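In what follows, a structure is listed as structure tokens, so that the remarks can point back to it.
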Amino acid sequence: MNKSLVLSWLAAIIATLGSLYFSEVLNFIPCTLCWYQRIFMYPLAIILGIAFYRNDQGIFRYTLPLSIIGMIISGYHIALQKIPYLQQFEMCKSGVPCSKDYLNWLGFITIPMMAFTAFTIITICLVILARNNRKN
């Protein structure tokens, strides 16, 4: 069993279930950037689960780009929420603005921050998996 693969899959599952909890149970309406982050996270939960089941050590080739792009989107979303100057470049023109904080725990833990953390964990695990794969 590869610990990096398991940890990346668990991070993707937790992030997916967390986003569904926020939207379906707490009724937080996702903004445009939240939808983009979901587009990159949800397939990771499925693909990494299949890779874990099949013990596919080469899955990083397909999942690492999804994780890195999701991390970039999440990072931009965090910056948009925390740096008032950037709000003039906000993409969300209809519905919920991307700069809106539904929650702000301890002054810095927001929904995009949690997504960024999950994407970062997944990315690090996949890089470790890639390095281990190259050694073998």
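If I filter region 79-115 down to residues being within 12 Å of Gln37 (Cα to Cα) and out of contact with any His (no Cβ under 8 Å at 6 or more places or on another chain), which single residue comes out as modelled with the lowest pLDDT? The extreme case among them is Ile111. Condition test on Gln57, is it surrounded by fewer than 19 Cβ atoms within 10 Å (Cβ to Cβ) and touching a Pro at 6+ places or on another chain (Cβ under 9 Å)? So Gln57 fails the test.
The values are calculated or read from the model by the stated rules, or taken from the named source; none is laboratory data. As the structure is a computational prediction, the values presented were derived from the model and not from experiment. Note: ideal-geometry Cβ built from the backbone for every residue, glycine included; neighbour counts use all protein chains shown.
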